[in-house]
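Below is one structure, written out as structure tokens; the observations come after it.
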Amino acid sequence: HTGTLIAILIVFRNDIIDILKSVTRLPQTLEQLKHREKVTGSIWLVVLIICGSIITIIIGLFGERLFIDLFSSIRAVGICFLITGSILWMTKYVNRPVGRTIENMRIRDALTIGFVQGLAIAPGISRSGTTISTALLLGLDRELAARYSFLLFIPAVAGATLLELRHWETSSFSAIAIVSGTISAFLVGYAALKILLNLIERGTFHYFSYYCWVLGASVLIYSFFFQPSLPLK
């Protein structure tokens with residue numbers, strides 16, 4: 001994930017710089033929210049990212065055992081790919097070129113998207129696909145849906161990377177292999193991110209559903225006909 005994280009940091013560098021500048025105003029913002037005053041701009045985006053991240057962490061902690069079990073079932077992976085494809089397909093019917101902006105995004109929107117991100121730990125569920133789709137279905141602007149999804153990904157993957165560093169000394173991979181993998185992930189992630197953002201802007205995000213359906217169906221066919229004894233968990 002580190003390579004993908006670097007790609008996101010580069011693509012959304014202006015947003016990240018604005019967020020870092022506004023963090024110092026967070027205590028004042030919390031006081032405004034306490035008195036039900038309207039908050040706008042980058043600091044409001046910070047609040048929304050924090051809210052979404054909190055619910056993601058809760059889902060990850062309490063659902064860890066379930067997700068581990070899902071990773072051991074190839075049929076569950078196939079089903080999850082089909083679910084992802086169906087969610088992506090639903091965005092085809094979101095025909096609004098302009099939706100709600102950051103000023104009109106609500107905390108419950110952030111919590112909903114954060115909840116979906118938490119569920120995306122399941123294998124076969126696309127994190128970016130489901131969170132962006134959810135944002136679009138909630139009525140958010142296309143550009144904001146993508147921005148919020150990937151900015152919400154940053155604290156999640158940063159935390160996961162820190163946890164993985166605990167096992168650095170016991171890792172069987174060499175430093176060269178890890179660096180090479182990170183560079184490859186960055187290059188592929190950067191190119192994929194640019195393509196994805198272009199599809200979202202054009203309103204053709206649902207095209208990815210075909211890929212998910214084909215992949216999901218292929219996995220299920222393989223599990224039923226080539227591994228008939230594999231239990232469905």
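If only one of Arg100, Arg65, Arg13, Arg75 is among the charged types (D, E, K, R), touching a Leu at 6+ places or on another chain (Cβ under 7 Å) and either surrounded by fewer than 12 Cβ atoms within 10 Å (Cβ to Cβ) or within 30 Å of Val219 (Cα to Cα) (or both), which one is it?
After ruling out the rest, the residue left standing is Arg75.
Using the structure shown, decide if Ile43 is in a helix (DSSP H, G or I), of a type outside the set (D, E, K, R) and at pLDDT 90 or above.
It is false that Ile43 is in a helix (DSSP H, G or I), of a type outside the set (D, E, K, R) and at pLDDT 90 or above.
Within segment 88-95, can one find any residue that is modelled with pLDDT of 85 or more, in contact with a helix residue (DSSP H, G or I) (Cβ under 6 Å, 6 or more places away or on another chain), over 20 Å from Asn198 (Cβ atoms) and in a helix (DSSP H, G or I)?
Applying the first criterion (modelled with pLDDT of 85 or more) to segment 88-95 yields 88-93.
Next, only the ones that are in contact with a helix residue (DSSP H, G or I) (Cβ under 6 Å, 6 or more places away or on another chain) stay: 88-89, 91-92.
Keeping just the survivors that are over 20 Å from Asn198 (Cβ atoms) gives none.
Checked segment 88-95: no residue is modelled with pLDDT of 85 or more, in contact with a helix residue (DSSP H, G or I) (Cβ under 6 Å, 6 or more places away or on another chain), over 20 Å from Asn198 (Cβ atoms) and in a helix (DSSP H, G or I).
Going by what's in this entry, would Thr4 be described as surrounded by 16 or more Cβ atoms within 10 Å (Cβ to Cβ), in a helix (DSSP H, G or I), of a type in the set (Ser, Thr, Tyr) and free of Cβ contacts under 8 Å to residues at least 60 places away in the same chain?
no
Any residue in segment 31-59 that's under 24 Å from Ala158 (Cβ atoms) and crowded, with 18+ Cβ neighbours inside 10 Å: show its pairings with residues that are polar (S, T, N, Q) and at pLDDT 90 or above at Cβ separation under 6 Å, as long as the two are six or more apart or on different chains.
Short answer, once both residue conditions are applied: Thr56/Gln117.
Name the residue, out of Ser172, Ser218, Ser223, that is over 16 Å from Val11 (Cβ atoms), at pLDDT 85 or above and either in contact with a Leu (Cβ under 8 Å, 6 or more places away or on another chain) or not in a helix (DSSP H, G or I) (or both).
Ser223
Among (1) of a type outside the set (S, T, N, Q); (2) buried (at least 21 other Cβ atoms within 10 Å of the Cβ); (3) assigned to a loop (DSSP other than H, G, I, E, B), which single condition is Leu136 missing?
With respect to (1) of a type outside the set (S, T, N, Q); (2) buried (at least 21 other Cβ atoms within 10 Å of the Cβ); (3) assigned to a loop (DSSP other than H, G, I, E, B), Leu136 is out only on (3).
The values are calculated or read from the model by the stated rules, or taken from the named source; none is laboratory data. This structure is a prediction, so every number in the text was calculated from the model and none was measured. Glycine also receives a Cβ, built like all others from the backbone with ideal geometry; neighbour counts cover every protein chain displayed.
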